[in-house]
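The values are calculated or read from the model by the stated rules, or taken from the named source; none is laboratory data. Keep in mind the model is a prediction, meaning the values are calculated, not measured. Every residue, glycine among them, receives a Cβ derived from its backbone with ideal geometry; neighbour counts consider all protein chains shown.
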Amino acid sequence: MGDYLFILNFTIMKIYIGHSRGSDYQKNLYDPIRNSQFDKQHEIVLPHEESFESRSSKDFLKTCDLMIAEVSFPATGLGIELGWADCLGCPIICIYKKGSKISNSLKGVTNKFIEYADEREMVDLLGKSLKSMVLKNKINVL
């Protein structure tokens, strides 16, 4: 029998980014994420980009490995998406800008929160969190 080489790629996660429309999400969220290292390592879906707008976030969440929710601004639609993700068993990380008053209800869907001062820190902390999740998944699989 010949030798077989199996290459498993544990670094690719499908990640949905939820947020309020009540902020400048293009400048403060989309641009920093698209320019980050983890954008090159994972499939990041930003719901208000042209490539996603015609798709259902509920259907996409069924296939996701992770939902990241920017919760600095309250939003009914984001709350609905968080409920779907929770019901579907999709892990959730909530991120928020320092000084934001976030809802205590969020503790019902996740215990993972990242507070950040600016876009650079947001990307840095998210990158570290994603790397930790990937390493944890590698260890669990092995």
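Does residue 86 fit the bill of being within 16 Å of the chain's Cα centre (by Cα) and charged (D, E, K, R)? In short, yes. Set side by side, the residues 115, 121 differ, and just one is under 16 Å from the mean Cα position of the chain (by Cα), among the acidic types (Asp, Glu), buried (at least 16 other Cβ atoms within 10 Å of the Cβ) and over 23 Å from residue 57 (Cβ atoms), which is 115. Taken together, the criteria place residue 44 among residues that are within 25 Å of residue 136 (Cα to Cα), without any contact (Cβ under 8 Å) to a residue 40 or more places away in the chain, out of contact with any Asp or Glu (no Cβ under 6 Å at 6 or more places or on another chain) and aliphatic (A, V, I, L, M). Quick one: residue 70 ticks every box in (1) under 15 Å from the mean Cα position of the chain (by Cα); (2) within 19 Å of residue 12 (Cα to Cα) bar one, so which box is it? Single failed check for residue 70: (2).
Looking at this structure, is residue 104 over 19 Å from residue 123 (Cβ atoms), polar (S, T, N, Q) and modelled with pLDDT of 90 or more? Criteria met by residue 104.
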